[in-house]
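Nothing in this text is a laboratory measurement; each read-out follows from the coordinates by a stated rule. Source: prediction; values computed, not measured. We place every Cβ from the backbone using ideal geometry, glycine too, and count neighbours over all the protein chains shown.
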Amino acid sequence: MAGGGGGYGGYNHQSNRGNDNGANGNPSEGGHQLACDCDAICIDTILNSPQQDVLTILKVGDILLVKDEMGKLLALKDKKIAGSLTPPEQAKIISCIAAGYEYNAVVTGINGAACRVQIKPKAS
C-alpha cells in the first residue's frame, strides 16, 4: 500500500514485564496493562523522510535505535538520524519510552528511497 497505511502488526497481550510501577496503567492492576502492551509492540511501518546519506548504507536486517525527540519518533543508525517514524501507534510507543522501555526498528525492506522497518522492543 502507498503511504504509511497497511501491514501494521497488532499487540500480543500475553507478555508481561514484571517492572510494574503503576504509571500510565490501570491503577487497580498496578500498571500491568502498560507493561503487557509495551512488551508486545510489533509494528511494520515505513521510514519517513529517509536521510539519503544513511539510507545508502542500510541493508535488510540492520537494527536502528528508536528515540523520542520532543514527541517525534526518530530512527537512528550509529547515532545518525535515518528518518522519522509515524505509525498509528506512535503515541503508545512514546508513552512506553517515557515509562522506560526501549525499541529498535529492524530494516525489513529497501526499495529505492523507500525503507520498511519493524518496530519492536529492544532485546535485553
Q | Mean projected area (nm²) of the alpha-carbon convex hull when segment 42-121 is viewed from all directions | A | 4.6
Q.
Sort Glu89, Glu69, Glu102 by Cβ crowding within 10 Å, fewest neighbours at the top.
A. Glu69, Glu102, Glu89
Q | Inter-site label distance for Glu102 and Gln51 at 7 Å from Cα along Cβ, in nm | A | 2.0
Q) If you plug each phi of segment 44-51 into the Karplus form 6.51 cos²θ - 1.76 cosθ + 1.60 with θ = phi - 60°, what whole-Hz ³J(HN,Hα) values come out, in order, with x for Gly and Pro? A) 8, 8, 9, 8, 8, 6, x, 7
Q: For Cys115, enumerate residues with amide H under 5 Å from its amide H, sequence gap 5+ or separate chain, H modeled in the peptide plane.
A: Leu47
Q) How large is the dipole of segment 60-108 about the Cα centre if only Lys and Arg carry +1 and Asp and Glu carry -1, each at its Cβ, rounded to the nearest 20 debye? A) 100
Q | R0 of 30 Å, Cβ-Cβ distance Leu65-Ala91: FRET efficiency to nearest 0.05 | A | 0.95
Q. In nanometres, what is the gap between the two model label sites at Lys72 and Lys122, each 7 Å from Cα along Cα-to-Cβ?
A. 2.1
Q. So which trypsin sites (Lys or Arg not before Pro) in segment 62-124 end up in coil per DSSP with only 11 or fewer other C-beta atoms within 10 Å?
A. Lys79, Lys122
